Ligand code: G4P
């Protein structure tokens, strides 16, 4: 049975999971894959979370890019729906990478540790989601451990995130006293089994307020959960799917990812409420149009590049999020900004632990396109090559360092390697107009360590980072004459980025304020959208 691109897109759910480290993202990912039938046994994704625990282990895992990349997107077919789970890097140093990944997601699951509520990284990631108003589903995890009062958790969501929480379930106790939860929509009670032999069997749901409940709750517990669920329904707004889609309301689920409790319910909720791909604004010949998932023309944008997944082959894979049409293997697509055409003969789809050739794909899907540097992060691809989706921003780095290669004969090699990493979006590269140094910029210190590690392992380059005499980088905007006038007068502080765009390297934030005042016609921008 062949379905139209619109019908195929309508059964896609493309989402990402955001959380503070240790809240349970890896455990939840794995158990969602299990609940969705994508994997049969625990342990496949889990290994990753454990390895990330320490920095050196984490870097080792980064080197084992096969694992890391197959986990970048995980696709599974479940109950007639096609789920694409996008992985976001957990470490805060990679917020830019996370931002880009979230541009490819239609919804996000926010995992909270029930004992900790909203943590700093949750807040940061939430803000990134809010920039795009992506609908957010909340999963309050670790209910099998001593948790905060659920009313307080809801209050925190509403005050810290300015989001209306709409609980769809209500927990009975927590920690040693966790007995299950009430399904508020269907008036059922889902009992939680403390320990089961195979660790995944929980008793079947029963009617709430039926006699059977007494086998799971003592009278006090029963009174408490009845009162709680009544109160919470009075106190909170009822779940409104429209308000959720607009980013004002979040449905709240409870559970224990580790004990596989509440995970199937979350998956069901994602299927029922998370939005399928919708229309995306784009520019065509200078005019704004809306690209619909069911449009004939195949289109999409590259949100991530991963290079050297296999260190023996200098391969690079571009992750393309499709926005419209029926993509078929062997199709020719054009890159909007360069006009280059490529035949996509071996597109990859990522099914949990396997990669497969994608014979066809639709809006909402993510395909990996192996290429040799033709594709860059932010590229728009389409059959006509005339569509351009809003660019993915580059953010001004917070740390700038000078990089030197220990063997001076390898300077040229270094240039290529740094360009490769910058094209992947790992770090940013600035070449000062005067001198032979390379300045690299990153959002956090860990990025430099990962970079040194990758330069050594993938490019056999021993490098040293030294403090750069610059503190900030700003892209220049404004009329050409004004930009050139400024650049001419500040030649010693000017550099080019990877796209040959002019960048001002300032010694301090104060200096930016100073020049901005003196050159009011020039804009000193903190982020740049790739043209
Ligand atoms: P992350 O990806 O968000 O960083 O979190 P991850 O899934 O790795 O989980 C962090 C820790 O929290 C792990 O424990 C994991 O087992 C535990 N965890 C996750 N979900 C639950 C849950 O629902 N209940 C309980 N009780 N624990 C949960 P760890 O001690 O670091 O590892 P391990 O020794 O358990 O393997």
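The values are calculated or read from the model by the stated rules, or taken from the named source; none is laboratory data. As the structure is a prediction and not an experimental result, all values here were calculated from the model. Cβ placement follows ideal geometry from the backbone for every residue including glycine, while neighbour counts extend to all protein chains displayed.
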*Within the range 351-373, can you find the residues that are at pLDDT 85 or above and more than 30 Å from residue 78 (Cβ to Cβ)?*
371
_Looking at (1) modelled with pLDDT of 80 or more; (2) within 16 Å of the ligand (Cβ to nearest atom); (3) over 24 Å from residue 304 (Cα atoms), which one does residue 19 not meet, given that it meets all the others?_
(3)
*asked:* I'd like the full set of residues that are under 16 Å from the mean Cα position of the chain (by Cα) and on the phi > 0 side of the Ramachandran plot, limited to the range 126-165.
replied: 133
*Failed condition for residue 475, given (1) assigned to a helix (DSSP H, G or I); (2) surrounded by fewer than 21 Cβ atoms within 10 Å (Cβ to Cβ); (3) modelled with pLDDT of 90 or more, with all others met?*
(1)
*Of all residues in the range 251-288 being free of Cβ contacts under 8 Å to residues at least 60 places away in the same chain and part of a strand (DSSP E or B), which is nearest to the ligand (Cβ to nearest atom)?*
288
*asked:* Please return the ranges of strands (runs of 3 or more DSSP E) entirely within the range 317-390 where 1 or more residues are surrounded by fewer than 16 Cβ atoms within 10 Å (Cβ to Cβ).
replied: 326-328, 332-335, 341-343, 354-357
*Any chance the range 128-137 includes a residue that's more than 25 Å from residue 12 (Cα to Cα) and touching a residue at least 40 places away in the same chain (Cβ under 8 Å)?*
no
*Count of the range 234-288 residues which are under 18 Å from residue 158 (Cβ atoms) and either outside the structural domain of residue 105 (by TED's automatic domain parsing) or surrounded by 21 or more Cβ atoms within 10 Å (Cβ to Cβ) (or both)*: 7
*Being away from the ligand (no atom under 14 Å from the Cβ) and either at pLDDT below 95 or crowded, with 23+ Cβ neighbours inside 10 Å (or both) is the filter here, so list the residues in the range 136-149 that pass it.*
136, 138
*Name the single residue, out of those in the range 238-247 being modelled with pLDDT of 95 or more and in a loop (DSSP other than H, G, I, E, B), that is farthest from residue 132 (Cα to Cα).*
238
_Filter pass, residue 468 being assigned by TED's automatic domain parsing to the domain that holds residue 504, touching a residue at least 40 places away in the same chain (Cβ under 8 Å) and within 19 Å of residue 498 (Cα to Cα)_ = yes
*asked:* Can you confirm whether residue 91 is over 22 Å from residue 268 (Cα atoms) and either at pLDDT below 90 or surrounded by fewer than 23 Cβ atoms within 10 Å (Cβ to Cβ) (or both)?
replied: yes
*Given (1) under 30 Å from residue 33 (Cα atoms); (2) assigned to a loop (DSSP other than H, G, I, E, B); (3) at pLDDT below 85, number of the condition residue 435 does not satisfy*: (1)
_Complete set of residues in the range 478-503 that are farther than 15 Å from residue 518 by Cα and either surrounded by 15 or more Cβ atoms within 10 Å (Cβ to Cβ) or at pLDDT below 90 (or both)_ = 493, 494, 495, 497, 498, 499, 500, 501, 502, 503
*Residues of the range 61-88 being at pLDDT below 85 and assigned to a loop (DSSP other than H, G, I, E, B), which ones?*
64, 71, 72, 87, 88
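Here is a yes/no grid of residues against (1) touching a residue at least 40 places away in the same chain (Cβ under 8 Å); (2) surrounded by fewer than 18 Cβ atoms within 10 Å (Cβ to Cβ); (3) more than 18 Å from residue 113 (Cβ to Cβ):
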position: 163; (1), (2), (3): yes, no, no
position: 169; (1), (2), (3): yes, no, no
position: 181; (1), (2), (3): yes, no, no
position: 186; (1), (2), (3): no, yes, yes
position: 189; (1), (2), (3): no, no, yes
position: 192; (1), (2), (3): yes, no, no
position: 208; (1), (2), (3): no, no, yes
position: 219; (1), (2), (3): no, yes, yes
position: 232; (1), (2), (3): yes, no, yes
